[in-house]
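Have a look at the structure below, then the notes.
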Amino acid sequence: MTLDQSTIRQLAEHLENAELNRQPVTKITDDHPEMDWEDAYAIQYEIRRRKEERGGRTAGLKMGLTSQAKMRQMGVSEPVYGFLTDAGSYGDGAEIDTAAFIHPRIEAEVAVMTKSELAGPGCNIGQVLQAVDFVTGAVEIIDSRYENFRFDLKSVIADNTSAAGFVGGSVMRGVDAVDLPTLGVVMEKNGEVVETGAGAAVLGHPATSVAMLANMLAARSEVIPAGTFIMTGGITAAVAVDKGDTINVRFQDLGKVSFRMV
Ligand code: OOG
Ligand code: MG
């Protein structure tokens, strides 16, 4: 840690205000070039604490920057994790208020629900497959609090990895019923195919992303509790959405996730 507690708190408030007021800010490493990874996660956890203190509930966890498409798009090279909120949780068919965001983008992802605890270090894909209750398709809505999505890894970790919302699918299947690496995804915006991909884009296998999450959490002596909903990371590059857009994401064997930006 290089930042003191009051700076951590102040940066968390700064980033959360950017979110609540929909006013983007410059990346925080510009003013705090000395901050380290621990500081970055400490700011994210402080944002989570602030939301929970006000009665907000955490809906799950997310991995981000787990595919080449995403890393290339954002110019960074390592996966990161963050948390999902109940306030940003939408169901299939939702009408989503565009004004709730600064510059929303969407990502097609494989999500899992765990039925038993996962703990690192040394958590592997086999343990993850055993611990997964079901898999489902989901679409994440990301909305960086930084101007033009311009950030580095530490800044985006502090900003809860751009998490802003997610639309869960309504088809759930056991891990044995789907082949996650070859699971195809087609994203359509206003009836046009804008991105296509397969599960293997996520670290070779989306379950690897969950193992990595358990191993990253172990550094903070935390585990993934049973009953955790986890988004494993965008399969394709993120796509900007605007008011009036209709989105339809088809997942092989997992149905579709549709919504409209209003
Ligand atoms: C960071 C969040 C990335 C994913 O699935 O890769 C992410 C960003 O690109 O703004 O959620
Ligand atoms: Mg994502």
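For segment 4-9, 3J(HN,Hα) computed residue by residue from phi via the Karplus equation (6.51, -1.76, 1.60; θ = phi - 60°) reads 7, 4, 6, 5, 4, 5 Hz, glycine and proline entered as x. By the rule of a C-alpha distance below 21 Å, with chain neighbours fewer than 8 residues away ignored, the lysines paired with Lys115 are Lys62.
In whole percent, what relative contact order does segment 57-261 give with Cα contacts below 8 Å and a gap of six or more residues? Taking the mean separation of contacting Cα pairs over the length of segment 57-261, I get 34 percent. Within segment 1-137, the ratio Rg/Rh, alpha carbon atoms throughout and Rh by Kirkwood, equals 0.97. The calculated P(r) of segment 1-78, using every Cα pair and 5 Å bins from 0, goes 3, 13, 19, 21, 23, 16, 5, 0 in percent.
Distance from the alpha carbon centroid of segment 103-157 to that of segment 183-242 works out to 5 angstrom.
Run the helix sum for the chain: -39,500 (n - 2.57) per DSSP H stretch of 4+ residues, divided by residue count, reported at 222 nm to the nearest 500 deg cm²/dmol.
Values: 6 runs with 67 residues, N = 262.
Result for the chain, helices only: -8000 deg cm²/dmol.
Using packing as a proxy for protection, rank 249-255, 202-208, 76-82 so that the peptide with the highest average count of other Cβ atoms within 10 Å comes first. Don't skip to the end; give the middle numbers.
Working: 249-255: 20.7, 202-208: 23.1, 76-82: 18.3.
In decreasing order of mean packing, 249-255, 202-208, 76-82 become 202-208, 249-255, 76-82.
With kT/(6 pi eta Rh) evaluated at 25 °C and eta = 0.890 mPa s, and Rh the Kirkwood radius from Cα pairs, segment 77-207 diffuses with a coefficient of 150 µm²/s according to Stokes-Einstein.
How much of the DSSP bridge set in the chain is antiparallel, in percent, rounded to the nearest 5? Of those bridges, close to 85 percent are antiparallel.
Across the cross-link table entries Lys27/Lys154; Lys27/Lys189; Lys189/Lys256, which are compared at the Cα atoms, the separations over 19 Å belong to Lys27/Lys189.
Karplus-based coupling profile of segment 251-262, in residue order and whole Hz: 10, 4, 6, 10, x, 10, 10, 10, 6, 10, 8, 10, with θ = phi - 60° in 6.51 cos²θ - 1.76 cosθ + 1.60 and x standing for Gly or Pro. Our Cα-only numbers for the chain put the radius of gyration and Dmax at 17.2, 50 Å.
Taking every Cα-Cα distance in segment 222-262 and sorting them into 10 Å bins starting at zero, the pair-distance distribution P(r) comes out as 20, 40, 29, 11, 0 percent.
Taken together, the values in this text are just the output of simple stated rules run on the coordinates, not laboratory data. Owing to the predicted nature of the structure, the values given are computational and were not obtained by experimental measurement. With ideal geometry, Cβ positions are generated from the backbone for all residues, glycine too; neighbour counts draw on all protein chains shown.
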